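Asker: Mind looking over this structure? Questions follow.
The values are calculated or read from the model by the stated rules, or taken from the named source; none is laboratory data. Not measured: the values here are computed from a predicted model. Cβ sites come from the backbone with ideal geometry, for glycine too, and all protein chains shown count toward neighbours. The accessibility values were calculated without ligands, DNA or RNA, using every heavy atom of the protein model including side chains. Shrake-Rupley method; radii C 1.70, N 1.55, O 1.52, S 1.80 Å.
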Amino acid sequence: MSIAPTVDPGWETLADGVDILLRPDSSNDIVALIVFSPVGCAVESESDAGIVSFTGRMLMRGTRRLSNAELAETVDSMGISLACDTSEDYSHVHVVTTSDTLAESIAILSEIFFEPSFEPEELEKERQTTLAAIRRSDDDLLSSTLRHFYQELYPKHGYGTPGVGLKESIGELTREQVINSHEELTSGPFRIVAVGNFAADALRDLITTHFVSKMHGIAAERLIIPPPLPAAAHTISLTRDSEQAYLVAGFPALAPLDPEYAAARVLNCALGEGMSSRLFQALREDKGLAYATGSSYGALKLAGQLFGYIGTKPESLDTAREGMLAEFERIKMELIPEDELLRTKNYMVGRFLIDHQKNFKRAFYYGHFDQMGLGWQMDALYPGIIASVTAEHVQAVAKRILTDPVIVELRPPA
């Protein structure tokens, strides 16, 4: 199966600060359109942590023309999907609709993006909803351990601040802060990606009408975010009343533009993605230590992290730590067998291709790879690049990354 595009127009500049990538596809009647803004959660400090994602959620709580209830009714009656999502490095608003309601859907998307009302009553509702989400995250022991891990790995950097925010920052944010955040979010440059059943000329006209004409200008000096400083190896121990213990052990890893990025992806998958991965087999199946275990690799624009995690009995935590670190050492010292490597790469490529069955995911990957600096063409190249990774590549990147662990442990009081 190939995901190489059948139409290859590339990026097209509609106006200063607005570039579009249109991928017409008549295989179904769905259209996905995503507007990418380069404003992400990494711009935040502890004092305004969560402001970007909070502003994005407020977009769905009513416009100058439509109240929250009226907007919800309009979206439901049209049968479309609208949302705003934020990550560390960028934000995006999107609509998924059918071709016959495309014009109306883009108009609504533009309205929520450029003309939110930020009603004080709705702001307070969202504040309480967000504070409840923060409390739930704090009560979830794995989430709490991960939050402390990010803070230890990226001290005094936006990458180490929870995207949802902190109780203090969300509790004290003002409507003026949200309005200022929205002004930045809706100042270009924008990269707009559309995939689905549409006429390209008609869609260009719609984007010009509803986005080019309404953009708040181009930010002359957007905040320049420095790369995070590498964290030195260290361990911290936390205590919480619980019947379980949790461990996160991780390392500064590679940003997407690093030449060994693909090998780091394969390394992580072999370590801890899926039930055949090494951490799952060694810590759960063989030793019976784990409630949950695995690994994760996050390739952020300016940095990256690879970590393993495990939930276990408090009395087994030391054994679990030793077992996890042993697996990190083993993959550094021994070449991964060819059958395991092939299974790992097939698993990765298969999941990637299955994701592309939906127009929204296709549009998202184009924009995501572009925002990471890899170029939208990486979407077609990615399966082949993963397939070309060798056991020697995996070992080399393991030796490079898995050196100085930052470890966060959470256990009940003695």
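Asker: Residues Leu374, Leu353: which one is over 21 Å from Leu257 (Cβ atoms) and either surrounded by 14 or more Cβ atoms within 10 Å (Cβ to Cβ) or touching a residue at least 60 places away in the same chain (Cβ under 8 Å) (or both)? Explain how you work it out, then say what you get.
Answerer: Details: Leu374 fails: over 21 Å from Leu257 (Cβ atoms).
Only one candidate qualifies: Leu353.
Here's the yes/no breakdown for (1) at pLDDT 95 or above; (2) open to solvent by 30 Å² or more (accessible area, probe 1.4 Å); (3) aliphatic (A, V, I, L, M); (4) under 30 Å from Arg240 (Cα atoms):
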position	(1), (2), (3), (4)
Asp339	yes, yes, no, no
Tyr366	yes, no, no, no
Phe369	yes, no, no, no
Asp379	yes, no, no, no
Ile385	yes, yes, yes, no
Val397	yes, no, yes, no
Pro413	no, yes, no, yes
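Asker: For Thr319, state whether it is surrounded by fewer than 16 Cβ atoms within 10 Å (Cβ to Cβ) and over 18 Å from Asp404 (Cβ atoms). Even if it seems obvious, please write down each step before you answer.
Answerer: Working: surrounded by fewer than 16 Cβ atoms within 10 Å (Cβ to Cβ): yes; over 18 Å from Asp404 (Cβ atoms): yes.
The answer is yes for Thr319.
Asker: Taking the range 383-414, which residues are free of Cβ contacts under 8 Å to residues at least 60 places away in the same chain, in a helix (DSSP H, G or I) and not acidic (Asp, Glu)?
Answerer: Within the range 383-414, Gly384, Ala387, Ala391 meet the criteria.
Asker: Only one residue in Lys361, Lys345 is at pLDDT 95 or above, under 21 Å from Ala83 (Cβ atoms) and of a type outside the set (Val, Ile, Thr), so which one is that?
Answerer: Numbers: Lys345 fails: under 21 Å from Ala83 (Cβ atoms).
Within the list Lys361, Lys345, the selection yields Lys361.
Asker: Is there a residue in the range 216-235 that is of a type in the set (Val, Ile, Thr) and free of Cβ contacts under 8 Å to residues at least 12 places away in the same chain?
Answerer: Within the range 216-235 (the criterion being of a type in the set (Val, Ile, Thr) and free of Cβ contacts under 8 Å to residues at least 12 places away in the same chain), the answer is yes, since at least one residue qualifies.
Asker: Okay, moving on. Restricting attention to the range 74-121, report how many residues are in a helix (DSSP H, G or I), more than 26 Å from the chain's Cα centre (by Cα) and either under 21 Å from Gln177 (Cβ atoms) or of a type outside the set (Val, Ile, Thr) (or both).
Answerer: Here is the first cut: in the range 74-121, the residues in a helix (DSSP H, G or I) are 74-78, 99-114, 120-121.
Among the residues that remain, those that are also more than 26 Å from the chain's Cα centre (by Cα) are: 74, 76-78, 99-104, 107, 120-121.
Now drop any that are not either under 21 Å from Gln177 (Cβ atoms) or of a type outside the set (Val, Ile, Thr) (or both), which leaves 76-78, 99-100, 102-104, 107, 120-121.
Result for the range 74-121: 11.
Asker: Return the only residue of Met324, Met348 being in contact (Cβ under 8 Å) with a residue 60 or more places away in the chain, open to solvent by less than 10 Å² (accessible area, probe 1.4 Å) and part of a helix (DSSP H, G or I). Show your work before the answer.
Answerer: Working: Met348 fails: open to solvent by less than 10 Å² (accessible area, probe 1.4 Å).
Testing whether each residue is in contact (Cβ under 8 Å) with a residue 60 or more places away in the chain, open to solvent by less than 10 Å² (accessible area, probe 1.4 Å) and part of a helix (DSSP H, G or I) leaves just Met324.
Asker: Looking at Ala72, Ala49, Ala103, can you tell me which residue is open to solvent by less than 30 Å² (accessible area, probe 1.4 Å) and either modelled with pLDDT of 95 or more or closer than 27 Å to Glu124 by Cα (or both)? Steps first, answer last, please.
Answerer: Numbers: Ala72 fails: open to solvent by less than 30 Å² (accessible area, probe 1.4 Å); Ala103 fails: open to solvent by less than 30 Å² (accessible area, probe 1.4 Å).
The conditions single out Ala49.
Asker: Now for a different question. What's the number of the only condition in (1) without any contact (Cβ under 8 Å) to a residue 60 or more places away in the chain; (2) within 30 Å of Pro314 (Cβ to Cβ); (3) of a type in the set (Gly, Ala, Ser) that Gly171 fails to meet?
Answerer: Evaluating Gly171 over (1) without any contact (Cβ under 8 Å) to a residue 60 or more places away in the chain; (2) within 30 Å of Pro314 (Cβ to Cβ); (3) of a type in the set (Gly, Ala, Ser) leaves (2) as the failure.
Asker: May I pose another question? Just checking: which of the helices (runs of 4 or more DSSP H) contained wholly in the range 140-207 hold 1 or more residues that are more than 28 Å from Gly298 (Cβ to Cβ)? Full working, then the answer.
Answerer: Details: elements: 141-153, 167-172, 175-185, 200-207.
In the range 140-207, the matching helices (runs of 4 or more DSSP H) lie at 167-172, 175-185, 200-207.
Asker: Tell me the residue from Ala262, Ala270, Ala255 that is touching a residue at least 12 places away in the same chain (Cβ under 8 Å), over 16 Å from Met324 (Cα atoms), in contact with a helix residue (DSSP H, G or I) (Cβ under 9 Å, 6 or more places away or on another chain) and in a helix (DSSP H, G or I), please. Give the derivation first.
Answerer: Values: Ala270 fails: over 16 Å from Met324 (Cα atoms); Ala255 fails: in a helix (DSSP H, G or I).
Residue meeting the stated conditions: Ala262.
Asker: While we're looking at this one, here's another question. Determine which single condition Ile236 fails, assuming it passes every other condition in (1) β-branched (Val, Ile, Thr); (2) part of a helix (DSSP H, G or I); (3) open to solvent by 30 Å² or more (accessible area, probe 1.4 Å).
Answerer: It is condition (2) that Ile236 fails.
Asker: Between a residue in the range 283-309 that is farther than 30 Å from Phe369 by Cβ and any residue that is among the basic types (Lys, Arg) and open to solvent by 60 Å² or more (accessible area, probe 1.4 Å), which pairs come within a Cβ distance under 8 Å, given they are 6 or more apart or on different chains?
Answerer: The qualifying pairs are Leu289/Lys313; Ala290/Arg284.
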